[in-house]
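> Could you have a look at this structure, given as structure tokens, before my questions?
The values are calculated or read from the model by the stated rules, or taken from the named source; none is laboratory data. These numbers come from a predicted model, not from an experiment. Here Cβ is always computed from backbone atoms with ideal geometry, including for glycine, and neighbour counts include all displayed protein chains. For the accessible areas, the whole protein counts, side chains as well, though only heavy atoms, and no ligand, DNA or RNA atoms are used. Shrake-Rupley method; radii C 1.70, N 1.55, O 1.52, S 1.80 Å.
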Amino acid sequence: MSRIATTPAAFSADGAALQPKKPNVVFMLMDNLGYGELGLYGGGILRGAPTPRIDRLAGEGMRLLNFNVEAQCTPSRSALMTGRFAIRSGTYEVPVGGAPEGLTLWEVTIAKLLSAQGYATGIWGKWHLGSEESRFPTNHGFDEWYGIPRTYDEALWPSMNENTGLWPATGDKQGWNQKVGGPQHVYEARKGETAHEMGVLDLDRRRTMESEITDRAVEFIKRNAQADTPFFAYVSFSLVHMPTLPHPDFAGKTGNGDFADCLAEMDHRTGQILDAIREAGIEDNTIVVFTSDNGPEATDPWQGDSGPWRGSYFTAMEGSLRAPFIIRWPDKVPAGAVNNEIVHIVDLFTTLAHVGGAEVPQDRAIDGVDQLPFFLGEQDHSNREGFPAYVADRLSAVKWRNWKVHFIKQENMYEPPVKLPLPRIVNLLTDMKEERDAIATSTWVAQPVVRIVGQLQASLKKYPPIKLGTPDPYQPPDRST
């Protein structure tokens, strides 16, 4: 049983029991931040910039070494929002321009659950779960949003025809122009109102996005703290997604180039959020989560670093699936704890629902498990032993404890996926680079892996997945017939 449930209730003057005050949640999601970038994960000064504020945050809470995400931005964000593997929701790959995409309105997001429990909800930054207004965050449970519907590489589009830069111009006859496809806009939206375009996402706007995201998130935190309203703040930061460009105030600050300057800015912006929580006097009753949506960039010249692991995002390699993760809740989550137990991003949906007093939906498959007892230090082990690892709609691998079984070989997003003639078994404790096949001595690992695959297949049969591009309104098939 969690500490939330066992905390003694306060009593009013007439003796009536009062409900314990619901904790605030500040969820900071970095974009394509590799495992090896931060100081506390072996990066920091080795990558050109120390990260003292983030490192200090880890010392104040629990740090996971085996936190796992999906292989791409959209699937990870979908899994976080719904507690469902993205293969179920038709969100299993980054959308291609012009194709229908995003979460159907049938899906229930963590924002919707917490909003029903009296939480104020806000998101700042990239959504990536629907670029039609009907699927914007403010139609998925959020009270307010400032950001972009898709992704940051589209900031390059308006600059493709510039003739004064380092990159070769493509020419507006054969390259991008607004008549072929419009630019991506930055939006501001509130629940129940029409979204407003706030400007075009170009390279200049790309450089200031982290500042804009932070300022609005800080204002939301202070406003709701003053109103004594519990809140869910989803701070969907832009760094270090390509093009990895620092704010002008940070450009040249480290002397080690744009990427290092961006790490310095990331640490500073994180500190601004943490300072806002402290200054509002709500630190003890605020859960802070810091993590990334997937592994590092793989595109020159913005490549990231995966630390001791191998591979980059868009694969099922550990460098793709393992992300930095910190959770802080003063006097509840043990300070300074470090753990190598498996946790998956879908688990945060179920865990945060529990924290906020909400029940997860019972009419659909929910893959997330409640990790609150584990986070609170009430048990040594995670409530998860493994999970299936999809890359797009391909079941590429399965992780179980410290083992992984690969069905498809792909180490880099630019390599073609190759189906293996026999599954490849890797011992992640003795082979962190996933270089050796242990199948000759470890075929027994197939048994728990087959169970995970079998349970998933049975679940997909009972709850058929939503097809990519499914329009609204969506209703699942009738399972009574």
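> Show 127, 167, 106 ordered by accessible area, largest first, where the area counts protein heavy atoms only and the probe is 1.4 Å. Please report the intermediate quantities before stating the final value.
Working: 127 0, 167 160, 106 45 Å².
From most accessible down to least: 167, 106, 127.
> Could you compute the FRET efficiency for residue 440 and residue 284, with r as their C-beta to C-beta distance and R0 at 41 Å, rounded to 0.05? Before the final figure, lay out each step's value.
Working: r = 53 Å, r/R0 = 1.30.
E(calc), rounded to 0.05, equals 0.15.
> Can you list residues whose amide H is under 5 Å from residue 287's amide H, if they're 5+ apart or on another chain and H is modeled 1.01 Å from N?
Those qualifying (amide H under 5 Å, at least 5 residues apart or on another chain) are 24, 25, 26.
> At a 1.4 Å probe, what is the % contribution of carbon and sulfur to the accessible area of segment 341-405? The partial results should precede the final answer.
Values: 870 of 2040 Å².
Of all accessible area on segment 341-405, carbon and sulfur atoms account for 43 percent.
> Continuing with this model, one more query. Of all accessible surface on segment 190-290 at a 1.4 Å probe, what whole percent is carbon and sulfur?
Working: 1670 of 3880 Å².
Answer for segment 190-290: carbon and sulfur cover 43 percent of the accessible area.
> Still on this structure, please answer the following. Can you figure out the FRET efficiency of residue 365 with residue 431, using R₀ = 30 Å and their beta-carbon distance, to the nearest 0.05? It would help to have the intermediate numbers written out before the result.
On the way: r = 33 Å, r/R0 = 1.09.
Step by step, r from the Cβ atoms, then E = 0.40.
> In nanometres, what is the gap between the two model label sites at residue 180 and residue 479, each 7 Å from Cα along Cα-to-Cβ?
Between residue 180 and residue 479, the simple spin-label model gives 4.6 nm.
> Further question: In the chain, what % of DSSP beta bridges are antiparallel (nearest 5)?
Numbers: 34 of 60 bridges.
Taking every DSSP beta bridge with both residues in the chain, the antiparallel ones total about 55 percent.
> Which ³J(HN,Hα) values, rounded to whole Hz and listed in residue order, are derived for segment 177-190 from phi using the Karplus coefficients 6.51, -1.76 and 1.60 in 6.51 cos²θ - 1.76 cosθ + 1.60 with θ = phi - 60°, glycine and proline given as x?
Couplings: 8, 5, 6, 7, x, x, x, 7, 10, 8, 10, 10, 8, 10 Hz.
> Which of these values of Cα extents along the principal axes in Å was calculated from the structure shown: [x] 81, 59, 41; [y] 75, 59, 54; [z] 79, 58, 48?
Checking each listed value against the structure points to [y].
> Now a separate question. Calculated from DSSP H runs of 4 or more alone, at -39500 (n - 2.57) each and per residue, what is the 222 nm mean residue ellipticity of the chain, nearest 500? Working shown, then result.
Details: 10 runs with 110 residues, N = 481.
Counting only the DSSP helices, I get -7000 deg cm²/dmol.
> Tell me the label-point distance for the pair residue 159, residue 228, using the 7 Å Cα-to-Cβ offset, in nm and rounded to one decimal.
4.9 nm
> Now for a separate question. Residues of segment 181-296: accessible area per residue at 1.4 Å, in Å²? If you can, show how the numbers build up before the last one.
Working: 4130 Å² over 116 residues.
With the other protein chains kept in place, segment 181-296 gives 36 Å² per residue.
> Between segment 419-448 and segment 84-153, how far is it from one alpha carbon centroid to the other, in angstrom?
So the separation of the two Cα centres works out to 36 Å.
> Whole-Hz Karplus ³J(HN,Hα) for segment 107-112, in order, using 6.51 cos²θ - 1.76 cosθ + 1.60 and θ = phi - 60°, x for Gly and Pro?
5, 10, 8, 4, 5, 5
> Tell me which residues come under 5 Å, amide H to amide H, from residue 102 once H is placed; ignore anything under 5 positions away on its chain.
469
> What pairs from 112/191; 404/433; 419/462; 409/433; 22/332 go past 18 Å between their alpha carbons? Could the numbers behind the result be given before it?
Values: 112/191 12 Å; 404/433 12 Å; 419/462 27 Å; 409/433 14 Å; 22/332 14 Å.
With Cα atoms farther than 18 Å apart: 419/462.
> Points 7 angstrom from Cα along the Cβ direction at residue 470 and residue 60: gap in nanometres?
So the two model labels end up 4.2 nm from each other.
> Counting alpha carbon pairs within less than 8 Å and at least 6 residues apart, what relative contact order, in whole percent, applies to segment 332-402?
RCO, segment 332-402: 30 percent.
> Would you mind getting me the FRET efficiency between residue 191 and residue 381? Use the beta-carbon distance for r and R0 = 41 Å, nearest 0.05. Each step should come with its number before you reach the end.
Numbers: r = 39 Å, r/R0 = 0.96.
Result of the calculation: an efficiency of 0.55.
> If you average the sequence gap of Cα pairs under 8 Å that are 6 or more apart and divide by the length of the chain, what percent do you get for the contact order?
So the answer I get is 24 percent.
> Also: Calculate one ³J(HN,Hα) per residue across segment 192-204 by plugging θ = phi - 60° into the Karplus curve 6.51 cos²θ - 1.76 cosθ + 1.60, and present them in order as whole Hz with x for glycine and proline.
Each residue's phi maps through the Karplus curve to give x, 10, 6, 5, 10, 6, 9, x, 8, 7, 10, 5, 5 Hz.
> Okay, next question. Using amide H atoms built 1.01 Å from N in the peptide plane, name the residues 5+ places from residue 386, or on other chains, whose amide H lies under 5 Å from its own.
401
> At a threshold of 8 angstrom on Cα-Cα distance, excluding pairs fewer than six apart, so keeping six or more, what relative contact order does segment 260-320 reach in percent? Before the final figure, lay out each step's value.
Details: 44 pairs, mean separation 11.7, N = 61.
It comes to 19 percent, rounded to a whole number.
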